[in-house]
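> Encoded as structure tokens, here's the structure I'll be asking about.
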Amino acid sequence: MRLRNIPRAGSVLDACKEVVKDETEYRGRWREIFGNPRPIHIEIGMGKGQFLLTLAAKNPDINYIGIERYSSVLLRAVERFQSEGGSAKIPAQGKLPDNHAPADKPGISNIRFICMDARNVPDVFAPGEIDRIYLNFSDPWPKDRHAKRRLPSREFLERYRRILKEGGRLEFKTDNRELFDFAVEELAPAGWVAEEITYDLHGDDRLMEGNVMTEYEEKFSAMGNSICKYVIRPSGNRS
């Protein structure tokens, strides 16, 4: 499905101080952006932002970065943030660049956004810089010739390995069983192992503890679709 271009997207994103525009310059320095040494979690393909904004509000001791390829989609997340979360002044711990200085009003201060292609994550984050990665209801790219574009493919898993810290984890949720089966099959060849796998997340009371739903998860689970999820780590990474 072709995405509708929203003319105001560029100007809104440019004006939002939480949208990092020159992301490659901060490789290895993302804690400077947040002004603290807290863990950094990223969501790749954040859509309209419900999942990450909820996590950021619930966990002020964690820094969150939402990554979205399409400006018209990221616009929806940023507008939601501005209407629901606002911005907050972060205590200075070293000087922040002027164009990333947070607004001086109450709200969520532990979130940033990047409009970029997920293929570039190793250029944006240094080895070991990210504590956790979330993939939620990613594009299935159903044609075989597009398998390398799927976010849980072995090609992308190698990129994630390069930025994930020792002891870091990746979580993936989807209602697309074919995509999930593909994702599970990619683990061993990519050198990853699963700590948790479920084909019915909402039927598992233990794994549902603390579960934060995305817009798609709410929609598809209400339709009766089973939600699949795994939590994985690179093999040999046991901390």
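> From the list Val231, Val193, pick out the single residue that is surrounded by fewer than 19 Cβ atoms within 10 Å (Cβ to Cβ) and either touching a helix residue (DSSP H, G or I) at 6+ places or on another chain (Cβ under 6 Å) or more than 26 Å from Lys48 (Cα to Cα) (or both).
Val193
> Among the residues of segment 99-121, is there at least one that is modelled with pLDDT of 95 or more, touching a Lys or Arg at 6+ places or on another chain (Cβ under 6 Å), closer than 17 Å to Ile33 by Cα and assigned to a strand (DSSP E or B)?
No: zero hits.
> Could you grab me the full set of residues in segment 183-217 that are charged (D, E, K, R) and in contact (Cβ under 8 Å) with a residue 24 or more places away in the chain?
Glu186, Glu195, Glu196, Asp200, Glu215, Glu217
> For segment 126-146, enumerate the residues that are of a type in the set (Gly, Ala, Ser) and either modelled with pLDDT under 95 or within 14 Å of Ile163 (Cβ to Cβ) (or both).
Once the filter is applied, which keeps residues that are of a type in the set (Gly, Ala, Ser) and either modelled with pLDDT under 95 or within 14 Å of Ile163 (Cβ to Cβ) (or both), segment 126-146 yields Ala126, Gly128.
> Filter segment 159-189 down to the residues that are of a type in the set (D, E, K, R), more than 18 Å from the chain's Cα centre (by Cα) and within 27 Å of Pro127 (Cβ to Cβ) and list them by number.
Listed by number, the residues that qualify are Glu166, Glu185, Glu186.
> When the residues of segment 138-152 are narrowed to those that are closer than 28 Å to Gly28 by Cα and within 16 Å of the chain's Cα centre (by Cα), which ends up surrounded by the fewest Cβ atoms within 10 Å (Cβ to Cβ)?
In this case the residue turns out to be Arg150.
> Kindly indicate the residue of segment 47-71 that is at pLDDT 90 or above and either farther than 21 Å from Glu217 by Cα or of a type in the set (Lys, Arg) (or both) and also surrounded by the most Cβ atoms within 10 Å (Cβ to Cβ) among those meeting that condition.
That would be Asn63.
> Counting only residues that are hydrophobic (A, V, I, L, M, F, W, C) and part of a helix (DSSP H, G or I), which one in segment 5-27 is modelled with the highest pLDDT?
Leu13
> Moving on to the next point. Does segment 166-181 hold any residues that are surrounded by fewer than 17 Cβ atoms within 10 Å (Cβ to Cβ) and free of Cβ contacts under 8 Å to residues at least 60 places away in the same chain, and which are they?
Arg177, Glu178, Asp181
> Then there is this: Restricting attention to segment 8-45, which residues are open to solvent by 10 Å² or more (accessible area, probe 1.4 Å), out of contact with any helix residue (DSSP H, G or I) (no Cβ under 8 Å at 6 or more places or on another chain), closer than 14 Å to Asn110 by Cα and not basic (Lys, Arg)?
Of everything in segment 8-45, those that are open to solvent by 10 Å² or more (accessible area, probe 1.4 Å), out of contact with any helix residue (DSSP H, G or I) (no Cβ under 8 Å at 6 or more places or on another chain), closer than 14 Å to Asn110 by Cα and not basic (Lys, Arg) turn out to be Asn36, Pro39.
> Restricting the first residue to segment 8-35 and requiring it to be basic (Lys, Arg), which pairs with a second residue that is open to solvent by 80 Å² or more (accessible area, probe 1.4 Å) meet a Cβ separation below 8 Å and a spacing of at least six or different chains?
Lys21/Asp14; Arg27/Asp123; Arg31/Pro37; Arg31/Arg38
> Could you give every pair whose Cβ atoms fall below 6 Å, whose first residue belongs to segment 72-94 and is surrounded by 14 or more Cβ atoms within 10 Å (Cβ to Cβ) and part of a loop (DSSP other than H, G, I, E, B), and whose second residue is of a type outside the set (S, T, N, Q) and at pLDDT 90 or above, counting only separations of at least 6 or pairs across chains?
Hits for this filter: Ile90/Gly35.
The values are calculated or read from the model by the stated rules, or taken from the named source; none is laboratory data. Bear in mind that the values here come from a model prediction, so they are computed numbers and not experimental data. A quick note on method: Cβ atoms are made from the backbone with ideal geometry, for glycine too, and the neighbour counts reach across all protein chains shown. When the accessible area is computed, the model is the full protein with side chains, heavy atoms only, and any ligands, DNA or RNA have been set aside. Shrake-Rupley method; radii C 1.70, N 1.55, O 1.52, S 1.80 Å.
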